[in-house]
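Accompanying notes for the structure given below.
The values are calculated or read from the model by the stated rules, or taken from the named source; none is laboratory data. Predicted model, so just to flag it, every value in this text is computed and none were measured. Cβ placement follows ideal geometry from the backbone for every residue including glycine, while neighbour counts extend to all protein chains displayed.
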Amino acid sequence: MAEFKPNTKGLFIKTYGCQMNVYDSERMRDVLKPLGYSPVDSPEAADLVVLNTCHIREKATEKVFSELGRLRDLKRETGGNLRIAVAGCVAQAEGEEIMRREPAVDMVVGPQSYHRLPEMIARLSRKTGDVLETDFAAEEKFDALPKTREVDGVSAFLSAQEGCDKFCTFCVVPYTRGAEFSRGVDAIVEEARELARQGVKEIVLIGQNVNAWHGQAPAHDARAVEWRLGDLIRHIARIGGVERIRYTTSHPRDMADDLIDAHRDVEQLAPFLHLPVQSGSDRILKAMNRQHTAADYLRIVERVRAARPDIAFASDFIVGFPGESDADFEATLQLVRDVGFAQAFSFKYSPRPGTPAAGMQLQVDERIKDERLACLQSLLNEQAQAINDASIGRRMKVLFSRAARRDGQALGYSPYMQSVHVDNGAHMTGRMAEIEVIGATMTSLRGRLVTAAAEATA
Ligand code: 5AD
Ligand code: SF4
């Protein structure tokens, strides 16, 4: 009988879409490591390529099929030895169709099933059993994932919550990621400690509706039986080495007082809030099933600003939702003027199969969507530029995450999530330091290290 020899195999994972996918790709690497897979820089050097896909808009899905075409050719060149797996939300939504349309694909695995990749690879080698896994069992997945994570940066994502029950009428997430699920306090805190031990200084709690996170309070907390995200953040802030905490992404309906209070009280909690609003028109918000009005959103912004006056807001917008009139679009522009966003992601509405909005009357003409998107983006760009310009002369703590391609430059993020470059700072990589802002563009700041000795300890 042949002796079992673990040999190294190349693994290339291409990640599309949101932070959840970035996290999942990292965890897939952890899952595949014991099988001898280690990351390589290109599909050409790989034995296994995983496309971790996004289904949120049509364009994102199309990209997957064109990438699969390229991989099919590469597989042919390797004499069929390259294995191809499709993971993520397109796998979940269109798994069977992918297998049918692209025979070069060996495995299809949904976002709640990737802990089963080792079994699937074994079945593939034996040519037995199913190579399509799209069950929904977030709990089982988290229990099955390796407890150790290997990270090499100063900032790491930590999945606290998954899935969504909000059913916005335009969105595929409730169908691809399943119902809302909160990981338990102990599992999250254990993972946060492990990250801190490995030198991670910034923890980004992630989830499709991360501010809907809730969990049973640990026994030592006599005050509460149930924790909300604010409690979890306070707890993680006490782990030694955690210098900055962020969370993303949030829903206005779940912006509870405890979280707003945490923005006032927790020094490590970054003054940055990504709170998608999608539209400023009540009529459209209702048709989107967002379960809040524009005024509700503005009230939340006011409350958060009262708790943390310097907080920076970011949002997502959709233009051209079915039935959106000029007046509805104007209401969105007005909301943007009222809030003043530091960052934003804006999209043309893209009808998604199986969602209620795809079947609605009065779909908006593509040309009008283009015009509205350009108009909205120019207002958002003006706001981003104004906020960055107003930073000039200010001092802030930057977490330097990497050295730039240009010699000696260091790149990092301000507490407000502005990207910051400093010259002669490559030695700062992996550290938090105080800078003075000396220049600004729409998308980034230029800074000067105040003193190398000013490295933050707080
Ligand atoms: N069309 C356009 N944008 C969408 N988003 C979600 N679904 C769609 C869609 N069908 C956007 C929303 C969401 C972000 C992640 O993607 O703005 O907040
Ligand atoms: Fe999609 Fe709405 Fe859920 Fe966000 S809250 S994931 S937009 S359904």
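Go through segment 156-169 residue by residue and tally those that are among the aromatic types (Phe, Trp, Tyr) and closer than 15 Å to residue 251 by Cα.
Matching residues across segment 156-169 total 1.
For residues in segment 215-253 being within 16 Å of ligand 2 (Cβ to nearest atom) and not in a loop (DSSP other than H, G, I, E, B), which is nearest to the chain's Cα centre (by Cα)?
Out of the qualifying residues, it is 248.
Looking only at segment 29-54, which residues are under 17 Å from residue 120 (Cβ atoms) and under 16 Å from the mean Cα position of the chain (by Cα)?
Residues satisfying the conditions are 52, 53.
So which of 57, 116 ends up being basic (Lys, Arg), within 16 Å of ligand 2 (Cβ to nearest atom) and surrounded by fewer than 22 Cβ atoms within 10 Å (Cβ to Cβ)?
Being basic (Lys, Arg), within 16 Å of ligand 2 (Cβ to nearest atom) and surrounded by fewer than 22 Cβ atoms within 10 Å (Cβ to Cβ) holds for just one of 57, 116, which is 57.
Quick one: would you say residue 93 is free of Cβ contacts under 8 Å to residues at least 60 places away in the same chain and among the hydrophobic types (A, V, I, L, M, F, W, C)?
When the stated conditions are applied, residue 93 does not pass them.
Of everything in segment 169-208, what is in a loop (DSSP other than H, G, I, E, B), crowded, with 21+ Cβ neighbours inside 10 Å and within 16 Å of ligand 1 (Cβ to nearest atom)? Give them in sequence order.
170, 171, 172, 177, 207, 208 - these are the residues of segment 169-208 that are in a loop (DSSP other than H, G, I, E, B), crowded, with 21+ Cβ neighbours inside 10 Å and within 16 Å of ligand 1 (Cβ to nearest atom).
Among the residues of segment 373-384, is there at least one that is at positive phi and away from ligand 2 (no atom under 16 Å from the Cβ)?
no
Only one of these conditions is not met by residue 279: (1) touching a Lys or Arg at 6+ places or on another chain (Cβ under 9 Å); (2) buried (at least 22 other Cβ atoms within 10 Å of the Cβ); (3) touching a residue at least 60 places away in the same chain (Cβ under 8 Å). Which number is it?
Tallying (1) touching a Lys or Arg at 6+ places or on another chain (Cβ under 9 Å); (2) buried (at least 22 other Cβ atoms within 10 Å of the Cβ); (3) touching a residue at least 60 places away in the same chain (Cβ under 8 Å), residue 279 fails exactly one: (3).
Restricting to segment 349-374, name every residue that is loosely packed, with under 14 Cβ neighbours inside 10 Å and of a type in the set (A, V, I, L, M, F, W, C).
Correct list: 362, 374.
Do we find a residue being surrounded by 16 or more Cβ atoms within 10 Å (Cβ to Cβ) and among the β-branched types (Val, Ile, Thr) anywhere in segment 438-458?
No, there is no match, as no residue in segment 438-458 is surrounded by 16 or more Cβ atoms within 10 Å (Cβ to Cβ) and among the β-branched types (Val, Ile, Thr).
If residue 324 passes every condition in (1) assigned to a loop (DSSP other than H, G, I, E, B); (2) without any contact (Cβ under 8 Å) to a residue 12 or more places away in the chain but one, which one does it miss?
Here residue 324 clears every test but (2).
Going through segment 9-28 one residue at a time, which ones are under 19 Å from residue 152 (Cβ atoms), in a helix (DSSP H, G or I) and of a type outside the set (Phe, Trp, Tyr)?
Of everything in segment 9-28, those that are under 19 Å from residue 152 (Cβ atoms), in a helix (DSSP H, G or I) and of a type outside the set (Phe, Trp, Tyr) turn out to be 19, 21, 22, 24, 25, 26, 27, 28.
Tell me whether segment 60-81 contains one or more residues that are part of a loop (DSSP other than H, G, I, E, B), touching a residue at least 24 places away in the same chain (Cβ under 8 Å), out of contact with any strand residue (DSSP E or B) (no Cβ under 7 Å at 6 or more places or on another chain) and in the same structural domain as residue 33 (by TED's automatic domain parsing).
yes
So, of the residues in segment 158-177 that are more than 16 Å from residue 94 (Cβ to Cβ) and touching a strand residue (DSSP E or B) at 6+ places or on another chain (Cβ under 9 Å), which turns out to be nearest to ligand 2 (Cβ to nearest atom)?
Across segment 158-177, the extreme among qualifying residues is 168.
Taking the criterion of being closer than 27 Å to residue 202 by Cα and more than 13 Å from ligand 1 (Cβ to nearest atom), would at least one residue in segment 279-293 satisfy it?
Among the residues of segment 279-293, not one is closer than 27 Å to residue 202 by Cα and more than 13 Å from ligand 1 (Cβ to nearest atom), which makes the answer no.
Pull up segment 330-351, narrow it to residues that are in a loop (DSSP other than H, G, I, E, B) and in contact with a helix residue (DSSP H, G or I) (Cβ under 6 Å, 6 or more places away or on another chain), then point me to the one that is farthest from ligand 2 (Cβ to nearest atom).
By that ranking, first place goes to 340.
This table checks each residue for (1) among the β-branched types (Val, Ile, Thr); (2) without any contact (Cβ under 8 Å) to a residue 24 or more places away in the chain; (3) touching a strand residue (DSSP E or B) at 6+ places or on another chain (Cβ under 8 Å).
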| site | (1), (2), (3) |
| --- | --- |
| 182 | no, no, yes |
| 188 | yes, no, yes |
| 192 | no, no, yes |
| 213 | no, no, yes |
| 219 | no, yes, no |
| 227 | no, no, yes |
| 234 | no, no, no |
| 239 | yes, no, no |
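Please enumerate the residues belonging to segment 385-427 that are β-branched (Val, Ile, Thr) and closer than 26 Å to residue 337 by Cα.
If the condition is that a residue be β-branched (Val, Ile, Thr) and closer than 26 Å to residue 337 by Cα, then 387, 392, 420 are the ones that fit.
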